[in-house]
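Report on one structure; see the data block that follows.
Nothing in this text is a laboratory measurement; each read-out follows from the coordinates by a stated rule. Computed from a predicted structure; not experimentally measured. Note: ideal-geometry Cβ built from the backbone for every residue, glycine included; neighbour counts use all protein chains shown.
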Amino acid sequence: MDFKFNFSAASDEPENKKENIGKKQDKNLINLQKYQHFTLDDIQNVWRNSSESEVCCIECVNLTDGTEIHFMQTYTDVCKGSETSEPTKVVSKKTGEFTIPDTIDSSDLVSKVYEGGLKVWESSLDLVEFLGKPENKSFFADASVLEVGCGIGLPGILASKYGAKKVVFQDYNDFVLFNTTGPSVILNQCQVKDDEDSSAPEAKRIKTDGDLMACFERVIETEKKIDTKCQYSFIGGDWEEIAKNIDEKFDIVLTAETIYDVTNYEKLHLLLERCVGPNGMIFLAAKSFYFGVGGGISLWIEFVENKKVFEVIVVELIDAPVKREILKMKRLTQKTGEK
Ligand SMILES: C[S@@+](CC[C@H](N)C(=O)[O-])C[C@H]1O[C@@H](n2cnc3c(N)ncnc32)[C@H](O)[C@@H]1O
């Protein structure tokens, strides 16, 4: 989970992704990813109708409160079976037009083409551990939640486990939403104990028999909608595009490892302005400094304070060779200068 960057500017029209990755191009020619909206049904349908083989594996994050978050990993060393970690389970499906381009295999991130969503980054683990603290869990009861720059989406999935009524996952790349985020949401529908008398919806009553992958396959195969208490949806695209299109306010916005690039601060801030409700809260987890890219916590705080829209406080410091922090942000009150 080290942060490695491969910053080559590239045209990113979806059909051109493979050819252009790694080629330097005029910045003016870059087309940012367009706004797209998907449902959990869309993701289930794509998996149901796909057949070619691609290796993915299931991993699990265990929180100190006993909560487990299972997630789908693709293409990483873990899935290929490194010396330190064997894949837990393997699934072989390819998600049609949303298949992961082969060419991103060796890069953790290709600026404006692939923004790193196929992996779990350290700060998203910090964020789920922080949100799992007894004093924080209650934030999510009946809340509407947006996870910005979700990647696999562990914080958003956790929000649904803690009672959120709605979770929207946003990632730059649609293939991330189809290959990791959506399947991970589905996997976590399998996290129920067998109970013959359960009145839970059908997808939740599937017996796992300890075999999560079999459960996942059955959920995917079923013609029925996955019936969950939480309503899920998925948004793909660049923050600038999303800020223009989103017309919803959320109670809680979660985001991890999204402030590495200072050139994105303006549009990230704009999106937050558009989508945080009047009493909404933002929890942002990130490294204090991103070597080689230049962004980091103190630059972000300075940027936010200059904008005078949100107040920002540090709520957690994680001591590591590269320090990490968690920020809480909320709208400034009228008195202190809300726009
Ligand atoms: C390094 S990944 C972090 C993924 C995940 N939050 C985690 O911590 O594991 C950065 C995420 O920010 C999102 N992102 C970065 N720049 C973006 C942009 N300009 N527009 C939309 N999303 C962007 C990408 O979708 C990507 O998933």
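Could you list, in sequence order, all residues of region 115-137 that are within 15 Å of THR67 (Cβ to Cβ) and within 10 Å of the chain's Cα centre (by Cα)? If the condition is that a residue be within 15 Å of THR67 (Cβ to Cβ) and within 10 Å of the chain's Cα centre (by Cα), then SER124 is the only one that fits.
Residues that are within 16 Å of the ligand (Cβ to nearest atom), without any contact (Cβ under 8 Å) to a residue 60 or more places away in the chain and crowded, with 19+ Cβ neighbours inside 10 Å: find the strands (runs of 3 or more DSSP E) completely inside region 225-339 holding 2 or more of those.
Working: elements: 231-236, 250-256, 276-287, 310-318, 324-331.
Fully inside region 225-339 and qualifying: 276-287, 324-331.
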